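Here the structure is laid out as structure tokens; the discussion comes afterwards.
The values are calculated or read from the model by the stated rules, or taken from the named source; none is laboratory data. As the structure is a computational prediction, the values presented were derived from the model and not from experiment. Using ideal geometry, Cβ is built from the backbone for each residue, glycine included, and neighbour counts are taken over all protein chains shown.
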Amino acid sequence: MRPPSPSIPEREFLFTALKQSLRLDGRSPLEMRTPSLIFGPEFGWVECSLGKTRVIASVDGKMVKPPPERPFEGIITIQSEISPMASSEYEVGRTSDEEVTLTRILDKILRRSDVVDKESLCILAGQRVWQLRLTIHCLADAGNLLDCACLAGIVALKHFRRPEVEVIGDEVTVHAATERAPLPLSLHHTPFCLTFALFPESTSSTSSTSTPVIITILDPSLLEYRLATGFLHVAMNAQRELCVVQKAGGVPLALDQLLPLIKDVAVTKVRELDAFVESRMKDDWEGRRKLVEVS
Amino acid sequence: MASRIEILNEGGYRSDGRRQYELRSITIDLTPQGTADGSALITHGLTQVLVSVFGPREAKMRRETLHDRANVNVEVGVAPFSTGERRRRGRGDKRILEFASTIKSTFEPVIQTTLYPRSQIDIYIQILQQDGSVLPACINGTTLALITAGVPLLDFICCISGGVHSTHPLLDLTTLEENDVPSVSVGVMPKTGRVVLVSLETRLHVDRFEEVCRVAWEAGKVLHGEMRKAVRERTGGLVDAMGGVAGAGGAGRGGPGEGDGDERMVDY
């Protein structure tokens, strides 16, 4: 059951606030909610939250026989169904538009942009490869589920460690974690996704200006997400490489309005995110090492 | 296999003999297809797409009607013979669903849906041949089909794909090139010069992205000329057919001649 669209006073209030560069939760227009990452006891399990939006991502690996057309490559599958747990908006069994976008963009960012070196997942050519399964559980949707899911996904992949495997001739030996230290995946890069919500300033009566101002905000909350008239999804890594840019429909933007968002805003935000993730991963790793030393 | 093909050779020619910024030949056929209110068959080189538009008409499903505007419904079919490998794609395929929803959201702000409350505009897209730039072909075809159906639009949407080979931007990619170089699709509204659609799916450096975006944006305007010519020709034909009856036909004939601006064209 789709909840009713936001009421007119809510919309008016949000728009007037946005015109003065104010947002309902006190952020500035191009400010993200601070992400938080909680790592689980196992490798490759992470809970990521952006404000009240919460997502769990977990990676597990198993050995399978590769398809004959790609005998040297491991397999990565991403499961990202949005259940009614996230919000009453989503139904069981029916793929909503949000789910289609989420699945496809996650697929493009985490699979098609070559994040994981697939050939390093090969154990025995044509016989055995690793199949990694990344499961995304959306726990709560308070706006911008996509960025949160993408952050959770990439951190889970970075955090995951697979058991070491030894191949002698045709014999494959899997070493337990107590025997040999599990290995991290070899990742080519770490992309992060940023979502911009676009609002046209058309509600004002002064329509004489030839280029109407378009208000852009980063990381929309649920209300902003519902009221926005267009989105721009940008996924890029800290090395300034874009992986996905998607702006389908919504308010038309001039090229000179669009490019600065990507060139300046997204670049700095992604650098910050990258530094944040690196430091959190390091903290987690330190914590784990201490645990081992005590026991 | 891919490494054997030279995307851009020493002489500045691409694998199919085009220059960097050269577009493939475009043919546009706006003859009516079946009972569709408007249809367009557009080819970009070997890519061929047939778009039929029905409506605005009463919505089949009552619950899909919107009280203040028309509902735009896009369905995409991919002919199994359109690619080298025959592969059946079901209707539930996420890639096709996303493709359709991209087209839908691209056209929603451009179609003046508020003029037709409680009705529905159906856009059926058949991809007949694929050789790169499928999304741009679908978008251009849909623009033309909507125009022939007489659906009021704010502007054309002219879409073109671009790619980068090392540091050289290329335009209008074929499948061969799409497999090898990063590609960007840019949809432009030529009258205002604004961008409705940007879609990049492969890794590309920010600086290169800006460059290719600007080139594609320029190309969108060239494409607009081509599309406008086709629409004018068709309209001219219609006016000629009516011309024997009413004196207004003669006056109308002057319009589609060499005049500029799209305003005249909308009058018919």
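Output yes when any residue across segment B:76-85 is among the aromatic types (Phe, Trp, Tyr), under 23 Å from A:ARG104 (Cα atoms) and assigned to a helix (DSSP H, G or I), and no when none is.
Initial filter on segment B:76-85 (among the aromatic types (Phe, Trp, Tyr)): B:81.
Among the residues that remain, those that are also under 23 Å from A:ARG104 (Cα atoms) are: none.
Taking every residue of segment B:76-85 in turn, none turns out to be among the aromatic types (Phe, Trp, Tyr), under 23 Å from A:ARG104 (Cα atoms) and assigned to a helix (DSSP H, G or I).
From the list B:GLY34, B:GLY12, pick out the single residue that is of a type outside the set (A, V, I, L, M, F, W, C) and more than 24 Å from the chain's Cα centre (by Cα). Give the steps one after another, and end with the answer.
Numbers: B:GLY34 fails: more than 24 Å from the chain's Cα centre (by Cα).
Just one listed residue meets the conditions, B:GLY12.
Just to be sure before I move on: is B:GLY45 surrounded by 13 or more Cβ atoms within 10 Å (Cβ to Cβ) and at positive phi in the structure I sent? Can you show your working first?
On the way: surrounded by 13 or more Cβ atoms within 10 Å (Cβ to Cβ): yes; at positive phi: yes.
Yes.
Do the conditions hold for B:LEU144, that is, is it farther than 23 Å from A:THR103 by Cβ, of a type in the set (A, V, I, L, M, F, W, C) and not in a helix (DSSP H, G or I)? Walk me through it before giving the result.
Details: farther than 23 Å from A:THR103 by Cβ: yes; of a type in the set (A, V, I, L, M, F, W, C): yes; not in a helix (DSSP H, G or I): no.
No.
Listed here are the residues, each with its yes/no results for (1) within 25 Å of the chain's Cα centre (by Cα); (2) polar (S, T, N, Q); (3) modelled with pLDDT under 90.
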{"site": "A:ALA248", "(1), (2), (3)": "yes, no, yes"}
{"site": "A:VAL251", "(1), (2), (3)": "yes, no, yes"}
{"site": "A:PRO260", "(1), (2), (3)": "yes, no, yes"}
{"site": "A:LYS263", "(1), (2), (3)": "yes, no, yes"}
{"site": "A:VAL267", "(1), (2), (3)": "yes, no, no"}
{"site": "A:LEU273", "(1), (2), (3)": "yes, no, no"}
{"site": "A:SER279", "(1), (2), (3)": "yes, yes, no"}
{"site": "A:LYS290", "(1), (2), (3)": "no, no, yes"}
{"site": "A:GLU293", "(1), (2), (3)": "no, no, yes"}
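For segment A:219-247, which residues satisfy the criterion of being basic (Lys, Arg) and either more than 9 Å from every other protein chain (Cβ to nearest Cβ) or part of a strand (DSSP E or B) (or both)?
Matches in segment A:219-247: A:ARG226, A:LYS247.
To keep it simple, each residue is scored yes or no on (1) in contact with a Ser or Thr (Cβ under 6 Å, 6 or more places away or on another chain); (2) within 18 Å of B:GLN130 (Cβ to Cβ); (3) not in a helix (DSSP H, G or I).
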residue: B:VAL53; (1), (2), (3): no, no, yes
residue: B:PRO56; (1), (2), (3): yes, no, yes
residue: B:ARG87; (1), (2), (3): no, yes, yes
residue: B:ARG95; (1), (2), (3): no, yes, no
residue: B:SER105; (1), (2), (3): no, no, no
residue: B:PRO109; (1), (2), (3): no, no, yes
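Mind listing whichever residues of segment A:248-277 are in contact with a strand residue (DSSP E or B) (Cβ under 8 Å, 6 or more places away or on another chain) and either part of a strand (DSSP E or B) or facing chain B (nearest Cβ under 7 Å) (or both)?
Answer for segment A:248-277, where residues must be in contact with a strand residue (DSSP E or B) (Cβ under 8 Å, 6 or more places away or on another chain) and either part of a strand (DSSP E or B) or facing chain B (nearest Cβ under 7 Å) (or both): A:ALA248, A:GLY249, A:GLY250, A:VAL251, A:PRO252, A:LEU253, A:ALA254, A:LEU255, A:LEU258, A:ILE262, A:VAL267.
Run down A:LEU121, A:LEU183 and say which single residue is away from every other protein chain (no Cβ under 14 Å) and surrounded by 22 or more Cβ atoms within 10 Å (Cβ to Cβ).
Values: A:LEU183 fails: surrounded by 22 or more Cβ atoms within 10 Å (Cβ to Cβ).
Step by step, each of A:LEU121, A:LEU183 is checked, and only A:LEU121 is away from every other protein chain (no Cβ under 14 Å) and surrounded by 22 or more Cβ atoms within 10 Å (Cβ to Cβ).
In the list B:LEU170, B:LEU128, B:LEU135, which residue meets the criterion of being in contact (Cβ under 8 Å) with a residue 40 or more places away in the chain, in a strand (DSSP E or B) and closer than 21 Å to B:VAL215 by Cα? Step through it out loud before you land on a result.
Numbers: B:LEU128 fails: closer than 21 Å to B:VAL215 by Cα; B:LEU135 fails: in a strand (DSSP E or B).
Going through B:LEU170, B:LEU128, B:LEU135 in turn, the sole match is B:LEU170.
Would you confirm whether or not segment B:168-184 contains a residue that is within 14 Å of another protein chain (Cβ to nearest Cβ) and either of a type in the set (Lys, Arg) or within 13 Å of the chain's Cα centre (by Cα) (or both)?
No, the conditions are met nowhere in segment B:168-184.
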